[in-house]
1. Looking at the structure I just gave you, is Gly80 out of contact with any helix residue (DSSP H, G or I) (no Cβ under 9 Å at 6 or more places or on another chain), loosely packed, with under 14 Cβ neighbours inside 10 Å and either hydrophobic (A, V, I, L, M, F, W, C) or farther than 30 Å from Ala166 by Cα (or both)?
2. Restricting to the range 136-150, what's the tally of residues that are assigned to a loop (DSSP other than H, G, I, E, B) and over 18 Å from Gly126 (Cβ atoms)?
3. With (1) loosely packed, with under 13 Cβ neighbours inside 10 Å; (2) within 20 Å of Gly54 (Cα to Cα); (3) under 17 Å from the mean Cα position of the chain (by Cα) as the list, and Glu130 as the residue in question, which single condition is left unmet?
4. Note down all Cβ pairs under 9 Å where the first residue falls in the range 138-162 and is under 18 Å from Phe115 (Cβ atoms) and aromatic (Phe, Trp, Tyr), the second is surrounded by 22 or more Cβ atoms within 10 Å (Cβ to Cβ) and at pLDDT 95 or above, and they're at least six residues apart or on different chains.
Amino acid sequence: MTETPIDTAAERQLLALDVNGTEHEVLCESRRTLADVLRHDLRLTGTHVGCEHGICGACTVLVDGRPARACLMFAAQAEGARIRTVESLSGGDDGRQLSDLQQAFRDHHGLQCGFCTPGFLMLAEGFLAERPDADRAQIRELVASNLCRCTGYQSIVDAIDGCATARRAEAARKAGAAERTGETEQAAGAVSSAGVTEEER
């Protein structure tokens, strides 16, 4: 008896995915996970695959700004959402300029083998965007959701806390500068108004 071959092409679907600000069209089987499509179709290999059960967190990406396990999502579920991978963090013309969060991990030795690092970076990026005033206790609770077998977590906590502290200081500096600029413009306006003659009024 001859088995009828399965037409796998018929099971594929065309997906439009917004990844790191770029629109991609991907033809893939409906059962493919977001992690597989990111790594194998889009060649964004910074998203690591570890346990494939949503436990280790190495595959964490941001979906509409919130951390999500890419191994637990079908790629089709990500249509219409904004996806960010670890590749979106770095900048510069060659994409090799570290973000402040990546630099904090480097400065605080928040990685060793590096396999879990992309997941921790994206977890922290999403968390700090939502909770910029997070304290160390909240950060410690956050990192417990991902697994690391090398660092002992303390240096990861230090890195995220260091980045959060630096971001708050920078935000305060900018707010102070904006306030001073507003006061200067207001004072200049008052001086200008005071210098207007009665006829000009």
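1. Values: out of contact with any helix residue (DSSP H, G or I) (no Cβ under 9 Å at 6 or more places or on another chain): yes; loosely packed, with under 14 Cβ neighbours inside 10 Å: yes; either hydrophobic (A, V, I, L, M, F, W, C) or farther than 30 Å from Ala166 by Cα (or both): yes.
Against the criterion (out of contact with any helix residue (DSSP H, G or I) (no Cβ under 9 Å at 6 or more places or on another chain), loosely packed, with under 14 Cβ neighbours inside 10 Å and either hydrophobic (A, V, I, L, M, F, W, C) or farther than 30 Å from Ala166 by Cα (or both)), Gly80 qualifies.
2. Matching residues across the range 136-150 total 2.
3. The number of the failed condition is (2).
4. Close Cβ pairs satisfying both conditions: Tyr153/Val143.
The values are calculated or read from the model by the stated rules, or taken from the named source; none is laboratory data. These numbers come from a predicted model, not from an experiment. Here the Cβ is made from the backbone with ideal geometry for all residues, glycine too, and neighbour counts use every protein chain on show.
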